[in-house]
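See below for the structure under consideration.
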Amino acid sequence: MFDIEYRLWLLRRFSKLFLPPLAAVYTTLRLLEDSSNTLVPKSLIARTACYILSLPFYWAGWIQFCNWDNERRARKLGARLPPLIKSKRFGGLDLKERLVNGMSNDYVGVVFDEMLDEVGADTARLSILWSERVITRDPDVLKFFVSTGFPHFGRGELAQIRFRGLL
């Protein structure tokens, strides 16, 4: 059962990543062809380049939209987002490297403490490969989470699949 659910999750995930931009390019090219527009690329190489270039533009736009939407929803609730731990490299790869080195050399909590000290907060957002996570060492948040607040913290679809037998 787990294997099938995981494969379906992967299929849905890849379809969300690839189908919208590719379908938009296909539809645009078809509409431009029907209108006899001379700007429509005729060669296979040019068409392939349109399809390939649509992917990073779509992904960048989607990431910006998600960040904007998170900020908008926080403002709507009268909240503010925790500070973002700044990355020095593309996609937060330096933060990922720090975490991996921290797991192999030390306890990973030490690396989280260092990152939170850099930001000067007990709760912060960590963005690695454009996927944001919230890390905290605030005792009140941890106490709430462990005692009664577990259902209030969202778990993604993949986490629900992984922990279905435990929860």
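The values are calculated or read from the model by the stated rules, or taken from the named source; none is laboratory data. It should be emphasised that the depicted structure is a prediction, and the values quoted were computed from it without experimental measurement. Methodologically, a virtual Cβ is constructed for each residue, glycine included, from the backbone with ideal geometry; neighbour enumeration extends over all protein chains shown. The protein model used for the area step is the full one, side chains on, heavy atoms only, and it has no ligands, DNA or RNA in it. Shrake-Rupley method; radii C 1.70, N 1.55, O 1.52, S 1.80 Å.
For (1) more than 14 Å from W130 (Cβ to Cβ); (2) of a type in the set (K, R); (3) in a helix (DSSP H, G or I), each residue gets a yes or a no:
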site	(1), (2), (3)
L17	no, no, yes
A24	yes, no, yes
A49	yes, no, yes
R73	yes, yes, yes
G92	no, no, yes
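Yes or no, residue by residue, for (1) surrounded by 13 or more Cβ atoms within 10 Å (Cβ to Cβ); (2) in contact (Cβ under 8 Å) with a residue 40 or more places away in the chain; (3) more than 30 Å from V141 (Cα to Cα); (4) touching a strand residue (DSSP E or B) at 6+ places or on another chain (Cβ under 7 Å):
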| position | (1), (2), (3), (4) |
| --- | --- |
| K16 | no, no, yes, no |
| V25 | yes, no, yes, no |
| K42 | no, no, yes, no |
| R47 | yes, no, yes, no |
| F57 | no, no, yes, no |
| A74 | yes, no, no, no |
| L77 | no, no, no, no |
| I85 | yes, yes, no, yes |
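Might you check whether a residue that is touching a Ser or Thr at 6+ places or on another chain (Cβ under 7 Å) and either open to solvent by less than 40 Å² (accessible area, probe 1.4 Å) or at pLDDT below 85 (or both) occurs anywhere in the range 95-108? Yes, the conditions are met somewhere in the range 95-108.
Filtering the range 14-58 to residues that are under 22 Å from the mean Cα position of the chain (by Cα) and either among the aromatic types (F, W, Y) or at pLDDT below 85 (or both) leaves F14, F18, F57, Y58. As a summary of the residue check, L29 satisfies the conditions (1) assigned to a helix (DSSP H, G or I); (2) within 23 Å of L129 (Cβ to Cβ); (3) open to solvent by less than 50 Å² (accessible area, probe 1.4 Å) except for the one numbered (2).
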